[in-house]
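Encoded as structure tokens, the structure appears first; notes follow it.
Every read-out reported here was derived from the displayed coordinates using simple, explicitly stated rules and does not represent laboratory data. Worth saying up front: this structure is predicted, and the values here are computed from it rather than measured. Neighbour counts are summed over all protein chains in view; Cβ atoms, including those assigned to glycine, are modelled from backbone coordinates with ideal geometry.
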Amino acid sequence: MSASISTIVRPVAPLLLRTSALLALGAIAGYVSNALRADGVSLTDFDAPASCSGPAVTAPPDAEECDPEPLESVDPGASEPDHAWSVAP
Amino acid sequence: MSRVRAAFPWLLRLGLAGLFAYAAVGKLRDPSAFAREIANYQLLPDLASHVAVALPGAELVAAIAILLPDARIRRAGALALAVLLVVLLVAVTSVVVRGVNVDCGCFGAGSGEVTWLTVLRNVGLLAAASYLVVRDESSGSVGVSRGADGGVPAP
């Protein structure tokens, strides 16, 4: 069993090693580049936007939950709007 | 005809390298915006900043690697691109399937929304990168053994 695994892995091991090295090199270069930038991303306290307020989210899946209830039109002549949530005196 | 066949992998390499270099530079221009776009995917948001920092560098290095004269490095670069494309493919497919309407961020800010077309594009790019991995394997040292100019076919 181990011999068959070795037979499969051995030919591709150098390729996998080189591929991993390239990806690691690129990632390290990215970290170094970010560290050298004045406007780099903060890795420790990056503030991920909430799903409802992210600038790139044009229509979040739970838009109904995110969007506030539409305001009811208030009659300007009425003395006090009738809010269902108003606290009773 | 044989010249066209010999030139085809290099055209693919040039196309993929140009595309990924362009994508990496677009992301590197504004890493904070890219990190926000990754977070909007709603996949591991805690890792968004790390992905935003590491991904463009990996893309750029892999794009350069597939143009190098050494066939072993080129093949590793093609496999690296394929690995990155699989990750990106999973991300964009999950976004489309879940119905999350986010900006792609594929080429930096303002890359357009993620749609099934984005998924299809990534499948095509993955096929191209996979072809380059297999091609260099089946033909041994394509490019190195073809001439002293590093294997670039003569026009």
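Is at least one residue of the stretch B:54-65 crowded, with 21+ Cβ neighbours inside 10 Å, more than 19 Å from the chain's Cα centre (by Cα) and under 21 Å from A:Leu36 (Cβ atoms)?
No, the stretch B:54-65 contains no residue that is crowded, with 21+ Cβ neighbours inside 10 Å, more than 19 Å from the chain's Cα centre (by Cα) and under 21 Å from A:Leu36 (Cβ atoms).
How many residues, within the stretch B:26-45, are without any contact (Cβ under 8 Å) to a residue 24 or more places away in the chain and either within 30 Å of B:Leu11 (Cβ to Cβ) or facing chain A (nearest Cβ under 7 Å) (or both)?
Within the stretch B:26-45, residues that are without any contact (Cβ under 8 Å) to a residue 24 or more places away in the chain and either within 30 Å of B:Leu11 (Cβ to Cβ) or facing chain A (nearest Cβ under 7 Å) (or both) number 5.
In the stretch B:88-122, how many residues are more than 9 Å from every other protein chain (Cβ to nearest Cβ), aliphatic (A, V, I, L, M) and surrounded by 14 or more Cβ atoms within 10 Å (Cβ to Cβ)?
Selection size over the stretch B:88-122: 8.
Conditions first: (1) surrounded by 22 or more Cβ atoms within 10 Å (Cβ to Cβ); (2) more than 23 Å from A:Pro14 (Cβ to Cβ); (3) of a type in the set (Lys, Arg). B:Arg3 passes all but one, so which condition is the exception?
Going through (1) surrounded by 22 or more Cβ atoms within 10 Å (Cβ to Cβ); (2) more than 23 Å from A:Pro14 (Cβ to Cβ); (3) of a type in the set (Lys, Arg) one by one, B:Arg3 breaks only (1).
Please go through the stretch B:46-65 and pick out each residue that is β-branched (Val, Ile, Thr) and facing chain A (nearest Cβ under 7 Å).
Within the stretch B:46-65, B:Val53, B:Val61 qualify.
For the stretch B:81-102, does any single residue satisfy the condition of being in contact with a strand residue (DSSP E or B) (Cβ under 6 Å, 6 or more places away or on another chain) and closer than 19 Å to B:Ala48 by Cα?
yes
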